[in-house]
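Student: Sharing a structure here in structure tokens format.
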Amino acid sequence: MLKEYTVAEGVLAFSTMRKGGVSQGNYSEFNINEYCGDSAEHILENRRLLAERLGVSADHIVMPHQVHGIEVRRVDGEFFSKPETVRKMILEGVDALITDLRGVCIGVSTADCIPVLLYDEAHHAMAAIHAGWRGTVQRIVQKTIEMMCTSFHTRPSELKAVIGPGISKEAFEVGDEVYEEFVQGGFDMPAIADLRPNMKKEGNVDQPMKWHIDLPLCNSLLLQESGIPAVHIHQSGICTYQHSDEFFSARRLGILSGRIFTGIILF
């Protein structure tokens, strides 16, 4: 059910895998995302199963409705005193969460995009970040770190980071317009991108070569720019496209498919 990462004692960091739930078809089996077209009944049961595994109530699994933006939201004690409708509004249009609450699992949904988890052991604070290519270009991981520094007095040099399952450079083929977004964003293009034969149209005389961008590396470099030592950054090394039998991949399965939930909880 879970791919777990070693972060620190008393912390569980993980990504859900496809097996171990009740969803069917392209949502098979373990999907807890309610925004991708899965059955409400199956989502509810899968959330219950995850909550049981974590030892918390289902409403303490907090997942935003992501929009490929850079909005970061703090989950505090007051959040849980609000009605469910208000909590949903607070989480609308959000792509990263931070908290210092124990017994609360914050997480993000992905199916090729890059999930990033952060943990500040000194201040018992955590973050879960959704970094698709748009969020990566806009440096959402750095914005989240800045908010942790403001909210929790986090020191980036002490942060531990996990870069979870996402699409690899080998599988992430993009158009010139996406490449240009990274150029305009000031990224080190020789380090993160290269031209390779077109995966979809071999022999296409108009565009025989396409750009490939390394999103996990991009986010690792951004984390290091913010002051996190490279030795504190764990790369899962799992390509969702190449391992779509174990992890959801929208490029393999289509948009109407399940999502990986990458979360972190402090006990």
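Student: Among the numbered criteria (1) of a type outside the set (A, V, I, L, M); (2) open to solvent by 50 Å² or more (accessible area, probe 1.4 Å); (3) part of a helix (DSSP H, G or I), which one does H68 miss?
Tutor: The one condition H68 does not meet is (3).
Student: Which of the residues spanning the range 178-202 are more than 28 Å from H243 (Cβ to Cβ) and either open to solvent by 90 Å² or more (accessible area, probe 1.4 Å) or modelled with pLDDT under 90 (or both)?
Tutor: Q184
Student: Ok, one more. Any chance the range 101-117 includes a residue that's in contact (Cβ under 8 Å) with a residue 24 or more places away in the chain, acidic (D, E) and surrounded by fewer than 24 Cβ atoms within 10 Å (Cβ to Cβ)?
Tutor: No - not one qualifying residue is present in the range 101-117.
Student: Is it the case, given these coordinates, that Y27 is closer than 17 Å to S257 by Cα, surrounded by fewer than 16 Cβ atoms within 10 Å (Cβ to Cβ) and in contact (Cβ under 8 Å) with a residue 24 or more places away in the chain?
Tutor: In short, no.
Student: Next question, about the same structure. Being part of a helix (DSSP H, G or I), free of Cβ contacts under 8 Å to residues at least 60 places away in the same chain, open to solvent by 50 Å² or more (accessible area, probe 1.4 Å) and among the aliphatic types (A, V, I, L, M): is that true of L49 here?
Tutor: Working: part of a helix (DSSP H, G or I): yes; free of Cβ contacts under 8 Å to residues at least 60 places away in the same chain: yes; open to solvent by 50 Å² or more (accessible area, probe 1.4 Å): no; among the aliphatic types (A, V, I, L, M): yes.
It is false that L49 is part of a helix (DSSP H, G or I), free of Cβ contacts under 8 Å to residues at least 60 places away in the same chain, open to solvent by 50 Å² or more (accessible area, probe 1.4 Å) and among the aliphatic types (A, V, I, L, M).
Student: May I ask you to verify whether K169 is closer than 22 Å to L253 by Cα, modelled with pLDDT of 95 or more and not aliphatic (A, V, I, L, M)?
Tutor: Against the criterion (closer than 22 Å to L253 by Cα, modelled with pLDDT of 95 or more and not aliphatic (A, V, I, L, M)), K169 qualifies.
Student: Are any residues in the range 125-145 open to solvent by 10 Å² or more (accessible area, probe 1.4 Å), assigned to a helix (DSSP H, G or I) and either among the hydroxyl-bearing types (S, T, Y) or touching a residue at least 60 places away in the same chain (Cβ under 8 Å) (or both), and if so, which ones?
Tutor: Residues satisfying the conditions are W133, R134, Q142, K143.
Student: For A171, state whether it is assigned to a loop (DSSP other than H, G, I, E, B) and open to solvent by less than 10 Å² (accessible area, probe 1.4 Å).
Tutor: yes
The values are calculated or read from the model by the stated rules, or taken from the named source; none is laboratory data. Computed from a predicted structure; not experimentally measured. Positions of Cβ are backbone-derived with ideal geometry, glycine not excepted, and every protein chain shown enters the neighbour counts. Accessible surface areas use protein heavy atoms only, side chains included; no ligands, DNA or RNA. Shrake-Rupley method; radii C 1.70, N 1.55, O 1.52, S 1.80 Å.
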